[in-house]
Structure formats: structure tokens, C-alpha cells
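Peer 1: What follows is a single structure, and I will ask about it in a moment.
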Amino acid sequence: MTPDTARPFVDIMPAVADALGAGRPVVALESTIITHGMPYPDNSVMAADVEKIIADEGAVAATIAVMAGRIKIGLSDGEREQLAMTSGAMKLSRADLAFAVAEGRTGGTTVAATMICAHMAGIRVFATGGIGGVHKGAEESFDISADLDELARTPVIVVSAGAKAILDIEKTLEVLETRGVPVVALAADVMPAFWSRQSPYRAPLRLDRPQDVAKLFDTRRRLGLDGGMLVANPVPESDEIPAEEMASYIAAAHRAAGEQKVAGKAVTPFLLAKILELTDGRSLKTNIALVENNARVAARIARAL
Ligand code: PSU
Ligand code: MN
């Protein structure tokens, strides 16, 4: 764990500590998706299912969150359920992780904060739904997720279904390239778009197997190249909502956000909730399926490492 001074703030679940000590595969999971990304009880069911998928693949799951000021690396069933039911949880990124710890608060960790905590614990692979990125209209709002900077600096592999399709995927790819983050589509030539298997944009890099991703990560480390990597894993065909169909829901959700002047951290949770409503719950089903799919791939990458 780096740095050593972080230790007093971190609780590593015994099963996770044992696996890390023995060099067995561990996959980190984020918790903003639990506190802000999905409604209760779907969030709780999803969080438990994803942990089970990772276990079935022969790896140990570590869901990361801050609870009453403690950085939790792995949650018990009871803690996970408690977090899923919490209504006032913070949404924690690099900017406010220490605030939550210092003030004894509870919060879901975003991709950025989960990467930081995973790295503290020595976990190298992490599964989520979709990363944050450059929001549409960022040239006016300056709304660019801290997830992108974290990918540039913290050496963790993030397995996602791409950037969430509510974002400007093209600009997100540009920023990732500028910041030196390898973006690898898994067994695909184009970037996936979260709920949809395809976006109009070519993936910067393509690899076909989890072990190839592990090899690239190891090669980067051995070359002394800092920072993380983004794996873009398309949602399974049976669960996807085609991009043409999503486009109108996404546009309507953006209109509603504009009318209600939603800003800052609230934007992503608002858009996800609005799209859930507009699709009558179908987007949630797809979101759960893609997270499960990412967890499976992350476990295979962790095993290959
Ligand atoms: N993936 C999902 N649902 C989510 C998120 C990811 O399927 O809610 C969360 C992640 O925690 C990600 C965050 O870091 O959304 C991005 O928020 P923002 O755009 O405010 O940086
Ligand atoms: Mn933002």
C-alpha cells in the first residue's frame, strides 16, 4: 500500500488481504454506481451479483467505498446492503476523498476515487460500468470528469463498456490520448457506447484476449510508463440497446438537465435516472448486464496478471 501513512485510514477485508498477500487475483469494484448510479434495490442486487461473478471466475472481489470515514477495501454483505440503502451518501472523487475521511462521512467512490483506493491496497484491476469523461457542451461548462486525469496517473486497469454515451465520446478519446492513456477495445474495432455495442468512433487500440491486456499492462510498467489503462468491453449483443434508439433518449435527458439547470456532480446521476425513466427501466437492465460482463473480463485479466 502506498503511501504507508494511508494505512490507519484503510480497512482491507480479510479475504481480500489474504488474496493480495498470496498473490491471488483480486478485482476492485466502485460504489458510486451503487449510491448514485442505480435505484434501490436494483443497486444492491447488482452489487451482490457482480461479486459472485468475480468469485465464480476464481478471483476475489473488493467493493470499495468510504463508510463513516473509513476507506473500505471490500464490504461485508451487511455493509454493502447498508451502503445501497443510504440516501445521503457523498459522490467521492480525488477532490473530496480526504474530506470524507477527515469528516467521518459515507460516500460512493467514483472511478477516480476507486482507482486511488485500489492502488493504495495493491489492487491492479477494477471493473465498472462506464467511466466519466468529457460532457457534451464541455466547451461552455468545462465539465470533464476527474476519471480521465486519474487514468493518466494511477496504475490500475479499468474495465468499462467505454465512456457513458451521455458524454462526448470523441472529445473523451481526444483527452485520453493527450493524457497518455491507452484505450483498448476488447475484441472490437470501434469504441462501444455503454448501452450500445458501437459508437461512430474507431477504438485507438484493439486486443482480443484478457491475457493480452495483462501483457500490455505489464509491458507499460516495465517500460516505466506511469498511469492506468482503459479497457472498453462492448455490452453483450443480447442486452444492448442500439445507438440509434438511445440517441433520442439521451437528447431528451440532456434537454431536461438543461431546463432544470442541473450542474456539477449531479449531472451524470440525473442523466442516468432520466434515461431509466424514458426507457421504462430497459437502460437499467442493460447497465446491469454490462457491469456483469465487465466484472467477468476483469477477473480474467486479474488471473492473467
Ligand atoms: N458506471 C455506471 N454508472 C455510474 C458510474 C459508472 O454504470 O454511475 C459513475 C462512476 O463512478 C463514474 C461516475 O466515475 O459515474 C462519473 O461521474 P462524473 O461524470 O460526475 O465524473
Ligand atoms: Mn463532472
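The values are calculated or read from the model by the stated rules, or taken from the named source; none is laboratory data. Predicted model only: the values in this text are computed from it and were never measured. We place every Cβ from the backbone using ideal geometry, glycine too, and count neighbours over all the protein chains shown. The accessibility values were calculated without ligands, DNA or RNA, using every heavy atom of the protein model including side chains. Shrake-Rupley method; radii C 1.70, N 1.55, O 1.52, S 1.80 Å.
Peer 1: Please specify each residue of the stretch 91-115 satisfying the condition of being away from ligand 1 (no atom under 12 Å from the Cβ) and at negative phi.
Peer 2: Across the stretch 91-115, the qualifying residues are 97, 98, 99, 100, 101, 102, 103, 105, 106.
Peer 1: Follow-up question, since we're still on this one. Go through the residues of the stretch 275-288 one by one and say whether even a single one is surrounded by 20 or more Cβ atoms within 10 Å (Cβ to Cβ) and free of Cβ contacts under 8 Å to residues at least 60 places away in the same chain.
Peer 2: No; the residues of the stretch 275-288 include none that is surrounded by 20 or more Cβ atoms within 10 Å (Cβ to Cβ) and free of Cβ contacts under 8 Å to residues at least 60 places away in the same chain.
Peer 1: May I pose another question? Taking the condition open to solvent by 20 Å² or more (accessible area, probe 1.4 Å) and either within 12 Å of ligand 1 (Cβ to nearest atom) or assigned to a helix (DSSP H, G or I) (or both), does residue 268 pass?
Peer 2: Yes.
Peer 1: Among what's in the stretch 17-34 and is more than 16 Å from ligand 2 (Cβ to nearest atom) and part of a helix (DSSP H, G or I), pick the residue that is surrounded by the most Cβ atoms within 10 Å (Cβ to Cβ).
Peer 2: Residue satisfying both the conditions and the ranking: 34.
Peer 1: Which members of the stretch 169-196 meet the condition of being over 17 Å from the mean Cα position of the chain (by Cα) and not in a strand (DSSP E or B)?
Peer 2: Residues satisfying the conditions are 170, 171, 174, 175, 177, 178, 179, 180, 187, 188, 189.
Peer 1: So, in the stretch 229-238, how many residues would count as being closer than 18 Å to residue 185 by Cα and either assigned to a helix (DSSP H, G or I) or of a type in the set (Asp, Glu) (or both)?
Peer 2: Counting residues in the stretch 229-238 that are closer than 18 Å to residue 185 by Cα and either assigned to a helix (DSSP H, G or I) or of a type in the set (Asp, Glu) (or both) gives 1.
Peer 1: Need at least 1 residues that are within 23 Å of residue 255 (Cβ to Cβ) and touching a residue at least 24 places away in the same chain (Cβ under 8 Å) per element, so show me which helices (runs of 4 or more DSSP H) inside the stretch 104-163 make the cut, counting only ones lying wholly within it.
Peer 2: Output list reads 138-141.
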